[in-house]
Structure formats: structure tokens, C-alpha cells
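Have a look at the structure below, then the notes.
Taken together, the values in this text are just the output of simple stated rules run on the coordinates, not laboratory data. As the structure is a computational prediction, the values presented were derived from the model and not from experiment. Cβ coordinates were reconstructed from backbone atoms using ideal geometry, including for glycine residues, and neighbour counts include every protein chain displayed.
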Amino acid sequence: MKALLSAGAARANDHYTIHSLGVPERELILRVARYAMDILTEGYDLGAPCIVCGHGNNGADGFALAGLLCEIGCKPTIVYTGKLTQDAHPDTSAMSVSCKEFYEQAIEMGIPILCHALSAKVSVTVDAIFGIGLHGKIPENVCRIIDAMNQSGTPILAIDIPSGVYADTGETAQTAVCATETMTVQSDKPGLHIYPGAGHAGKVTVADVGIEPAPDCPAPLFYSLEQSDLSALLPPRPVRSHKGTFGRVLLITGSDCMAGAAYMAAMGAFRSGAGLVEIFTPEQNRIILQQLVPEAILTCYSSAEDIVPMLNEAIARADAIVLGCGLGHSQSAAQAVAYTLKTAKVPLVLDADALNLIAAQPAMLQSLDQAQKAQTVMTPHAAETARLLGCSITDVTDHVYKSAQALALQYGTNVLLKDAHSLICAHDGSICYVNPTGSTALSTAGSGDILAGVIGGLAAAKTNAQPMHTTAALAAYLHGLAGQKAEQSVGARAAMARDILQGLVD
């Protein structure tokens, strides 16, 4: 499991390495510059490199890199974006100590330094403007330079994080560098993997420059699962077991003649290891579901009067419940959601129409006690999140982490906010997973139903010892891998939900 360090934690580690371990700041800056130079010499055209520097230590990295490039015979140009004197020269009094030192070295080496304007001919641009030190808005003159960098058509290497991306949240300022590659220093940052910032990072390379973790540094808030975590997180499958060992998933899904969502969720539950899957759905779906998934148990109701007594018995049998896929917005659907929320005492997945009904009647969730909320996960996409929070979709997509956290804290449940890199927030806001897997192959009807089923299948296993937010993060990881396999198999454009199901098998 990979920790994604906040800007504050990264600065604390820098301080510890410099002041407690005795590694000079100058040496760390040179290590960063050498690492960046290696990346440039191995993969980019150094005919006319341009390094865009700010006034802080990210700028110092850039000035140091320019010096190293000059030493190997390159002819870099530096663009300075910081405060200027009255005669339009860089104001060294506004620079950090190290930035001033390496700026003066660049002057001595005769490296051209332009102020607030890109050079005309550039083969590769290095972004060393803000790094993780960005606070507030970007000055308009720097916005113009960033826009010019993005419009130049030349590759961009960002040092630490693309300027304009906030390291802790993935939000962006008025504009942000669109990097070809980001060389992040020592550890990954959340903003490189949470959208919209993730869309500016390009290829992410972690540069180990010898910064050591401070012993009193607080535990990270953000984590990302890795392939090596699967063996520890997947529910064990002991040899001496039976179908009850791996649990019974109840799917309260589908509406009149809308059996597809129920089928996809059922297959997701089966393919993630569920021992039994029971589908609670209208009678009209019986025949098609018996044909599509004969392994499932069907509990079908014919009238609204049947729902409560039949649902009561089904809930009593369940080890996990998935509620909402293709359920619709009818009075019967609302009745099923309200009764399930009032009755359930097992892990609960709230998806699709269940979320829309809750958004219309938030009081429904008041029936859940704290223990039940801790084992409940909401799985909204951006539009569903907006309905639940009472905001615009743009508010959600521009502030993905804050939206997921707000949803978790407002409703008291775990949240899996579906995105290109989905976020999974614990019900108490104590931890957040950023899912690294996925593909546009997942952008197809039925994909979310499969994910809901996978969460239910994992949660139902009696061998599963993980909290619900970790189970949801594991499900998102497996679902994303299945999407990647679907893309490899048939192509992202042609992929259908059935190809994602096949990806869970391969």
C-alpha cells in the first residue's frame, strides 16, 4: 500500500533530513536537479531547453538544473516568474535563500534569464514555478506564462507537481501546467492522482533523493492500493469451506422489465467470490434472470403489498446487501429502500437509484445507527453526489476530494465517489484511498452495477476482516483492473459490461 504524502508532511520530512540528519539543503536541491537532468537527457530533446523558475525552492531546483545542463554543453534559457525590481530584474530579496544562491550561480555562468516571457524557440520546458508551495491564486502574469507553456506544443517536465495543482487535494488554480511528465520528489502526492490535478500530471516518476521520514510526522490521510496488497486484502478461501463460508449477498435490484442491472450486479457478486446470491426483484424479471444467471436465487414480488414481508425474510438471510441498481423511482422502490435502511444489520452497498431516492428524502438514512453506517458504503458518480450534497456537478468534478469527504461526514457512511481515479473515504474521514486502476472501458452501461456487486461479494465473505472502506477500495481496484483487461481484449471503445465481467475472471 502506497502512502500519498501531503505538502505539510513533505516539508516536515525535508526539515528533518536537513536539520536533524545534517544533509545540507543545497545538496538536496542538487540531487533533485541531477535526477531531473537524467530524465531530460534520457527522454527529451535538449537542443533548446527552457526552465521556468519561481522564487522559492522549486525555483532553486530549476536554477540548479540550468547550471547542470550548462556544464554538459547544453544552452538552457531560464524564465523567471517572481517579483521584479523597478528596473525589471529579478528581485533577489523576494527569493528563498537557496533560490537566490542558485540564481546567482546561473548569472555567473552566463545563462540567459528572461523575465515573465517565454523564449521563442524551445525543445523542452521544465516547470519549476511553485511545486508543492502554491497557496491561493496564481498571479495573472504567471497565468499567462503557464498558458503559453501549455499552448507551445513542446513537452513539459514538472518538478514535484505541475504548477497550479494543489498538492493535497488535486484541485487546480485558475490555470495549471499540463505536464508530459512529473518528477515528484521522494514520495507521491495526492494531487497527482486526484482529478482534476491527475489530468495535468502526465507520467509520474518518483525521485528518491534521500529525504528521510520525520519520526513525528503524522500518519498519511491518503493511500493507494498496489498489486502486492491483493493477497493480504482478498478474503481468504480456506480449503475446508462451503458456500456459506463466503456469504450470501442480497441484491435489491431491478425494476419492471429492467433486469440488466440485477444481472450485472449478481455476476459481479459471484465473480468476486460470493457463495450465494439472492436477487429481490419484480416478478416480470424472473424468466430473463433465470436464463441469464441460473446460479442465483430469485425472490420475486408481484405487488407492493408483498415487498415488506418478503423483503424482511430476505434481509434476515443476508450477509451483505446491495441496494439500488436499476431499482427505479417508483413508490415500491422507495418503500424497499426505506425498509432496508430501517432493517439491515449487515454490510450495505447503496448505489444508483437508492442514492437518488435518499437525495430526495435524506431522512431515510436517519434510521441507520452509527455501527450500521460504519459498514455502509455509498457509491455515487458525480451527478449523484451533486444531488446528495445539493450542489452543481461542476462543484463536484472541480473538488472531488472535498465532495467525497463532505458526503462521508454529512451522511456518516463510507463513500466511493466514482471518477477516473475513484476516491474512497472512510465514514469518519480518517482515511482516503485513491484508486489507481481503471480505463475508459468502464464508461459503459452496467459497469457501476458490477462494481456494486463486487463490493457486496467481498463484504459478504465470513473470512473478510477488513473495514468497509477498505473492502470498497479493494473492489474499486479489482473493478479497475477488469476494465483494463477489457480494454486489452476488445478495446476501450468497443468494451461492454460483459467484457468487464470477463476481466474479473482473467
Theoretical ellipticity at 222 nm over the chain - DSSP helices of four or more residues, -39500 (n - 2.57) apiece, nearest 500:
-12500 deg cm²/dmol
Straight-line reach only, C-alpha to C-alpha below 29 angstrom: list the lysines that K342 could link to, leaving out same-chain residues fewer than 8 apart.
K243, K373, K402, K418, K462
How would you rank T205, T340, T17, T175, going from fewest to most other Cβ atoms within 10 Å of each one's own Cβ?
T205, T175, T17, T340
Out of all DSSP beta bridges in segment 244-505, what portion is antiparallel? Express it as a percent rounded to 5.
25
Which whole-number percentage describes the relative contact order of segment 1-159, with Cα contacts under 8 Å and a sequence gap of 6 or more?
26
Cα gyration tensor of segment 376-506 diagonalised, 5x eigenvalues square-rooted, in angstrom largest first, produces semi-axes 24, 18, 11
Segment 2-221 - convex hull of the alpha-carbon atoms, volume per residue in Å³:
116
Out of all DSSP beta bridges in the chain, what portion is antiparallel? Express it as a percent rounded to 5.
20
To check my understanding: the extent here is largest minus smallest coordinate of the Cα atoms along each principal axis. What are those three numbers for the chain, in Å, largest first?
85, 43, 43
Roughly how many Å is it from the Cα centre of segment 39-105 to that of segment 189-251, as a whole number?
36
Inter-part gap, Cα centre of segment 290-322 to Cα centre of segment 374-401, in whole angstrom, is 29
So the angle from the long Cα axis of helix 140-151 to the longest Cα principal axis of the chain, reported in degrees to the nearest 10, equals 70
Quick one: which of 268-276, 331-339 comes out on top by average Cβ neighbours within 10 Å, and what's the full order, highest first?
268-276, 331-339
Using mean Cβ contacts within 10 Å as the protection proxy, how do 101-110, 210-219 order, highest first?
101-110, 210-219
Projecting each Cα onto the charge dipole of segment 2-221 (Lys/Arg +1, Asp/Glu -1 at the beta carbon, about the Cα centre), which of A179, G54, S98 comes out farthest on the positive side?
A179
Helix 25-43 against the longest principal axis of the chain: what's the angle in degrees, Cα atoms only, rounded to the nearest 10?
70
In degrees, nearest ten, helix 400-411 long axis to first principal axis of the chain (Cα):
40
Enumerate the calculated ³J(HN,Hα) couplings along segment 252-260 in order (Karplus 6.51 cos²θ - 1.76 cosθ + 1.60, θ = phi - 60°), each rounded to whole Hz, writing x wherever the residue is Gly or Pro.
9, 9, x, 9, 3, 6, 10, 8, x
How would segment 313-465 be classified by its alpha-carbon gyration tensor: rounded, prolate or oblate, with rounded meaning a/c under 1.5 and the a/b versus b/c comparison settling the rest?
rounded
